[in-house]
Each structure stands twice: as C-alpha cells, then as structure tokens.
Amino acid sequence: MAAMACSMGTTVAPRAMVALESTTSSLANYRVSFVGPISRRSALVAFGAGNGSSRVTMAAAGAAAPKNKGGKKEIDESLLTPRFYTTDFDEMEQLFNVEINKNLNEAEFESLLAEFKADYNQTHFVRNPEFKSAADNIQGPLRQIFIEFLERSCTAEFSGFLLYKELGRRLKKTNPVVAEIFTLMSRDEARHAGFLNKGLSDFNLSLDLGFLTKTRKYTFFKPQFIFYATYLSEKIGYWRYITIFRHLKQNPEYQCYPIFKYFENWCQDENRHGDFFSALMKAQPQFLNDWKAKLWARFFCLSVYVTMYLNDVQRTSFYEGIGLNTRDFDMHVIVEVSFTLPCRSCALNEL
C-alpha cells in the first residue's frame with residue numbers, strides 16, 4: 001500500500017492537476033494521457049487485469065445537479081444517467097421455483113451462498129482521516145469531477161441495493177437460497193453506496209437516498225433482460241475497479257483520493273455478484289441458446305458497452321486526472337469481460 005500513497009500535505013497529485021487544468025475546457029477530445037502500453041495479456045502487469053455504478057458504477061458524472069428543498073442534491077435525468085430498475089417479480093418466482101425449473105443447480109447456489117455469508121469485506125470499508133484531508137486539497141476542475149463521480153457511483157450502487165433487496169423479499173418462499181443471496185448482495189450494494197455517500201460528505205455534500213427512492217423514475221426490464229444487463233454490469237464493474245487499482249498502484253503520482261485504494265477488495269464483491277448471475281443464466285438456458293435469445297444477448301452486450309463508452313467519453317477529464325486513456329481503458333474492459341462470459345459458445349460471447 002505504501003506505493004499507492006499520495007502526498008496530501010499541501011498539494012494534490014501534481015500530474016493529475018496539470019492534466020486536468022489543461023483539458024477540462026475541451027471534453028470533445030476523448031484521448032487522454034495513458035501511462036504505459038496496453039494489450040490484453042500484458043495488461044496483467046502493465047495496466048491491470050482481473051466494472052460499479054452500475055450497473056457501470058465507475059462511470060463518472062454529468063453536469064452539476066440542482067438542489068432540492070432539503071438542500072441535498074438531485075441527479076439530472078438523461079439517457080446515460082444511472083437508472084433504478086424493476087422487473088416482473090411473478091415471473092422471477094416461476095424461474096426460481098425448484099419444482100418447475102429442473103435446471104437449477106442447488107449445490108452451486110449453496111456454494112455461492114456460503115461465499116456471500118463469509119462477508120469478506122465486512123471490515124474493509126473503514127474510513128480514515130486521509131479522506132477529508134485529500135478532499136480539502138482537491139480544488140479547481142478536479143474537485144467538481146470527483147463530486148460528480150461520487151454522485152453517479154453512489155446512485156448506481158443504491159439502484160442495485162433496491163433491486164436486490166426486493167428480489168430477496170419476493171423469492172423468500174419460492175427459493176430461500178437464491179433469495180438469501182439476493183439479500184446479501186443488497187447488503188454489499190448498500191455498503192458501497194454508503195461508503196460513496198460518505199465520500200461526498202468530504203466535499204460537504206450528500207445524496208438524499210431516501211428521497212431518491214421515492215421520487216426517482218423506475219425502468220422496467222423483463223427478467224431475461226435484468227439477467228443480461230446486471231451480469232454485464234457487475235463484471236464490467238469488476239474489471240474497471242481492478243484495472244484502476246492496479247494502474248494507480250503502479251503510478252502513485254495519480255493517486256489523488258484514497259477511495260481508489262479500496263478497489264482491490266471492493267471489486268471482489270462485483271465479481272461474486274457476476275458469478276451469481278452467471279449461475280442464474282446457466283439455469284435458464286432459454287435465455288442463452290435459442291435464436292431470439294442470441295439476438296437479445298448480443299443487443300445487450302452492444303448497448304451496455306456503448307453506454308459505458310459514451311459515459312466515459314463525456315467524462316474524459318476524470319480518466320485523464322488519474323492517468324488513463326479513455327478509449328484504451330474501455331477497450332481493455334470490453335475485451336476482458338468478453339473472456340469471462342458464462343459460456344464461450346453462448347450468445348453473450350458472439351459480439
């Protein structure tokens with residue numbers, strides 16, 4: 001961890017500040033100063049290999065949001081804003097009924113449940129005084145960029161919490177094991193959202209998550225599409241987090257806020273969530289193997305990747321601030337996610 005430390009005494013990561021000052025005024029130029037070469041296999045050492053928000057939870061933020069009457073910030077709605085989701089819970093109950101669906105691998109789900117119960121990150125998300133001092137030293141364009149990143153990431157994690165919590169509640173009678181896993185995933189997402197919201201407090205702001213729950217628009221997805229989008233988002237989140245962590249470990253001059261130091265363990269939550277959704281999809285072969293399913297799966301791969309890329313291109317200054325080339329970073333994530341899809345021959349791997 002010593003190599004990741006950033007001097008927070010009087011200045012913020014000098015190279016990060018210089019990069020931000022020189023490019024924040026021109027977001028149209030999506031290329032950024034990436035430190036070091038990138039290739040799929042060499043990424044293990046040179047760039048980081050191993051998503052968020054999300055859900056693409058690492059997506060940085062859009063324009064500054066207005067405040068509601070309570071003084072807490074609202075999120076601007078747009079096509080690329082992190083969304084809240086709902087689904088057909090009755091169909092979900094049918095899909096996970098062990099008497100109806102003989103493809104459910106109960107032993108695999110029991111094993112996954114044991115992993116979630118272990119709660120490896122129970123004591124990981126503990127803050128220290130470095131957070132506040134780092135935030136105080138982040139000024140100028142970089143400050144607003146980090147605020148927006150924290151807002152969007154917090155919203156995306158909280159979106160996952162709401163969906164998983166409701167699935168855990170609705171499936172309790174139909175499939176207690178799967179229901180408990182969803183409940184434990186909601187625990188993880190709530191922990192992430194709370195940690196990110198605490199980060200906003202370093203900047204003297206906070207998101208009113210209760211207000212968001214009541215007022216935010218919910219997007220309806222059929223269970224099939226929830227599986228596609230959520231699996232991809234969790235795995236994308238894993239690769240984004242571990243890539244950023246390894247990059248900053250090798251280039252500590254860009255380590256300007258301590259939240260990134262938590263990404264190595266944090267990303268394992270995302271990976272476990274993705275593994276669970278992989279098991280869910282393998283238990284629903286109709287969502288992977290017929291021609292309609294293959295078309296839908298390819299569409300969701302494309303749409304999720306494009307959404308991630310458009311989000312990141314609009315926020316190039318964030319990635320430049322931590323020393324990354326936006327396009328190379330996204331292409332690296334896409335390649336790595338494609339190598340970890342549920343089955344190498346299924347539709348999700350044909351894009």
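Where a number appears in this text, it was derived from the coordinates with a stated rule and is not lab data. Every value quoted in this text rests on a predicted model; they were computed, and no experiment measured them. Every residue, glycine as well, gets a Cβ built from its backbone with ideal geometry; the counts of neighbours run over all protein chains shown.
Data for the structure
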| read-out | value |
| --- | --- |
| Calculated FRET efficiency for the pair residue 222/residue 100, C-beta based, R₀ 22 Å, to 0.05 | 0.80 |
| Three-way shape call for region 184-294 based on the alpha-carbon gyration tensor, with the a/c threshold at 1.5 | oblate |
| Stretch gain in nm, segment residue 110-residue 286, where the contour uses 0.36 nm per residue and the Cα spacing is subtracted | 61.1 nm |
| Gyration tensor (alpha-carbon) shape descriptor, region 124-208, a/c threshold 1.5 | prolate |
| Listed pairs 172/294; 132/249; 117/173; 214/261; 117/172; 217/282 exceeding 23 Å between Cα atoms | 172/294; 214/261; 217/282 |
| Which of 111, 159, 338, 186 has the fewest Cβ neighbours within 10 Å, and the rest in rising order | 111, 338, 186, 159 |
| Two-site FRET efficiency, residue 132 against residue 253, from Cβ-Cβ distance with R₀ of 30 Å, rounded to 0.05 | 0.90 |
| Under 18 Å from the Cα of residue 198 - aspartates and glutamates, other chains or at least 8 residues apart | 74, 130, 136, 148, 151, 157, 188, 189, 208 |
| Label-point separation, residue 303 to residue 169 (7 Å along Cα→Cβ), nm | 2.6 |
| Region 162-212: equivalent-ellipsoid semi-axes (sqrt of 5 x gyration tensor eigenvalues, Cα, Å) | 29, 11, 4 |
| Net charge of Cβ neighbours under 14 Å - reference residue 169; Lys, Arg +1; Asp, Glu -1 | +1 |
| Order by protection proxy (mean Cβ within 10 Å, highest first), peptides 284-290, 318-324 | 318-324, 284-290 |
